[in-house]
Amino acid sequence: MSPGCRNVRRLATTGLALLLLTAAGTAVPARSAEAAPAPLDRIVPAPASVRPGGEPYEITSRTVVRVPPGNPEAARIGGYLAGLLRPSTGYRLPVLPGGTDGPGIRLVLDEDTGDTGDTGDAGKGDEGGEGYRLSVTAHAVTISAREGAGLFHGVQTLRQLLPARAERTERQPGPWTVAGGVVTDAPRYGYRGAMLDVARHFFTVDQVKRYIDQLALYKYNALHLHLSDDQGWRIAVRSWPRLAGHGGSTQVGGGAGGFYSQDDYREIVRHAASRYLTVVPEIDMPGHTNAALASYARLNCDGVARPLYTGTEVGFSSLCVAKQDTYDFVEDVIGELAALTPGPYLHIGGDEAHSTGHADYAAFMERVQPVVARHGKTVIGWHQLAGARPAPGALLQYWGYGRTGAAERDQVVSAARAGAGLILSPADRAYLDMKYTKDTPLGLQWAGLVEVRQSYDWDPGGYLEGAPAEAVAGVEAPLWTETITTSAQLEYMAFPRLAGIAELGWSPRATHDWASYRVRLAAQGPRWDALGIAHYRSPQVAWPAP
Ligand code: TNX
């Protein structure tokens, strides 16, 4: 063998083969450019701990997925993984129960996994069973977890360790190599949400499912659906049929709008559950209610139905706090929604109630919060709920930012000190509808311009000065849709910022580092391309050439 030839051999194993071979004009390799596996820590959100080393594992035509026998949930997760990889690899990847000592990709349920011990501020002891351990040797990839949620998150990690082309739906060249070593991982926070405003513009069940699949890739575990607002009512309520039938018949700009039947909603809940996300439904009250006030005259203090509204002003509508009809409505709507929703939370809005006097607002919330509790759910409200008396156990979703007044902030801090939980969605960081730069064609900018670094570089644990760190339940990235009408548009606003908020919710504080994040984030670009996810190619990130 000539020295030159040996040289090519050696380089082939380091992943430069394609480049050199084609530059030399000698051959077109059957294997792709990225022969070297991605480093074990090149994932988003950053894992709690990584110990690289040992031989890599290669997925081949003989690879099988092994799952614990007699466990339909693990079998389903195995099937999900195989289903992701079959189209691009072209391999059969059968899912086999048992034989978890054998070679292959192995899913293992194990009581002792999940407590990473070294995540420092994880603090919550992985109550949700979301932790996992991923171990890679030449023999096998083993994902172990205490519960299905952990296995599922481990599968997302494995996905990101494979080349981006693994996400494509047409057959791609190999190799499919995963770096050797061990990842031990568990979330910092138990609540990691994304909100979709389906009220300002309606999004179909399929569009919502697509977003759920995208959230799963970054280990989100909650989908908050903003189901009602001035411009539209999006969920069928049997006892008040005009809410959806009339209130759902338009949207911002005057389009046809739409609503989810109860079966549609169940399907969203089911799909979310299959991706280990819980659905948090929101009915915004007492403001943001024009669609309801247009549907039923008796909800108005003057007994006159309001016209439907298709503009983008806020703060002009209010339920009639003095009327019993209002509480009949609340009882029925919350009752039906609670019955449809397996998750623990029900969001009652409470923001921007500028047309409801303070005393009325407080009185309204005094009556409504117990209804939620009676139907077995925990209240979430926008942080203005701190201006009333948050029910025991309630979570306040903080959407303030630099310009939020001290009095308003102090009220939230006091409520947190008194036991309310916090979900952090600071508008100048976590709002996915804010423009990235002044040239962003979509979105708003009332909270400022939110570039990728601005969105990532803050700490949920210390954001609200004076609030106890234990009060922080997690983070949420809201996407309001006044300016957004298509999936491509919502993806463009969400990506890349969605990935950064996911990391703030999942990764230990000690891993927080813009320099490392931007490298890991850059590696997501080709993955989004492969998945057909529109995104903003921020100049703050050194994306690989398309
Ligand atoms: C404020 S944030 C709102 C929404 C708007 C959003 C636009 C919050 C609780 N209320 O009604 O859609 O700003 O960014």
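Rule-based calculations on the coordinates, nothing more; no lab input. All values derive from a computational prediction rather than experimental measurement. Methodologically, a virtual Cβ is constructed for each residue, glycine included, from the backbone with ideal geometry; neighbour enumeration extends over all protein chains shown.
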Inset, instruction - Round to the nearest 0.05 the FRET efficiency obtained for residue 522 and residue 322 when R0 = 41 Å and r is the Cβ-Cβ distance. - result: 0.15
Inset, instruction - Take 320, 301 and order them by how many other Cβ atoms sit within 10 Å, fewest up front. - result: 301, 320
Inset, instruction - Work out the length of the dipole vector of the chain about its Cα centre, built from +1 on the beta-carbon of each Lys and Arg and -1 on the beta-carbon of each Asp and Glu, and round it to the nearest 20 debye. - result: 1900 debye
Inset, instruction - Please list the non-local residues whose amide H lies under 5 Å from the amide H of residue 108, H modeled 1.01 Å from N, same-chain partners needing a gap of 5 or more. - result: 143, 144, 145
Legend entry - Residues 288, 375, sorted so that the one with the fewest Cβ neighbours within 10 Å comes first: 375, 288
Legend entry - Protection proxy ranking of 535-546, 126-137, 43-54 - average other beta-carbon atoms within 10 Å, highest first: 126-137, 43-54, 535-546
Legend entry - Amide hydrogen neighbours beyond the local backbone of residue 349, cut-off 5 Å, H modeled: 283, 285, 382
Inset, instruction - Quote the convex hull volume per residue of the range 401-546, based on C-alpha atoms, as a whole number of Å³. - result: 115 Å³
Legend entry - Share, in percent, of DSSP beta bridges within the chain that are antiparallel, nearest 5: 30 percent
Inset, instruction - Counting other beta carbons within 10 Å of each Cβ, put 237, 178 in order, fewest first. - result: 178, 237
Legend entry - Shape of the range 312-380, Cα gyration tensor, a/c cut at 1.5: prolate
Legend entry - Where N is the number of residues in the chain, Cα Rg divided by 2.2 N^0.38 Å: 1.02
Inset, instruction - For the range 146-152, just list the computed ³J(HN,Hα) in residue order, Karplus coefficients 6.51, -1.76 and 1.60, θ = phi - 60°, integers in Hz, with x standing in for Gly and Pro. - result: 6, 9, x, 4, x, 4, 4
Inset, instruction - Mind putting a number on the dipole of the range 413-524 about its Cα centre? Charges go on the C-beta only, +1 for Lys and Arg and -1 for Asp and Glu, and I need it in Debye to the nearest 20. - result: 140 debye
Inset, instruction - For n ≥ 4 DSSP H runs only, could you compute -39500 (n - 2.57) per run for the chain, divide by its residues and tell me the 222 nm figure to the nearest 500? - result: -9500 deg cm²/dmol
Inset, instruction - Under 1.5 on a/c is rounded, so check that first for the range 195-322, then, if it is not, pick prolate when a/b is larger than b/c and oblate when it is not; a ≥ b ≥ c are the square roots of the alpha carbon gyration tensor eigenvalues. - result: prolate
Inset, instruction - Provide the per-residue ³J(HN,Hα) series for the range 36-52, in order, calculated from phi with Karplus coefficients 6.51, -1.76, 1.60 and θ = phi - 60°, each as a whole number of Hz, with x at glycine and proline positions. - result: 6, x, 5, x, 4, 9, 8, 10, 10, x, 4, x, 5, 8, 9, 10, x
Legend entry - Debye, to nearest 20: dipole size of the range 265-381, +1 on Lys, Arg Cβ, -1 on Asp, Glu Cβ: 380 debye
Legend entry - Using θ = phi - 60° and Karplus 6.51 cos²θ - 1.76 cosθ + 1.60, couplings along the range 437-445 (whole Hz; Gly, Pro as x): 9, 5, 8, 4, x, 10, x, 10, 9
Legend entry - Net charge over other residues, Cβ less than 10 angstrom from the Cβ of residue 108 (K, R count +1; D, E count -1): +2
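If you take every residue apart from residue 138 with its C-beta less than 13 Å away from the C-beta of residue 138, what net charge results, scoring Lys and Arg +1 and Asp and Glu -1?
With Lys, Arg at +1 and Asp, Glu at -1, the net is -2.
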Inset, instruction - With a ≥ b ≥ c taken as the square roots of the eigenvalues of the C-alpha gyration tensor of the range 493-535, please select rounded if a/c is under 1.5 and otherwise prolate if a/b is larger than b/c or oblate if it is not? - result: prolate
Legend entry - For the range 282-324 and the range 61-107, distance of Cα centres in Å: 52 Å
Legend entry - Given charges at Cβ of Lys, Arg, Asp, Glu: the chain dipole, positive-most of 304, 372, 515: 515
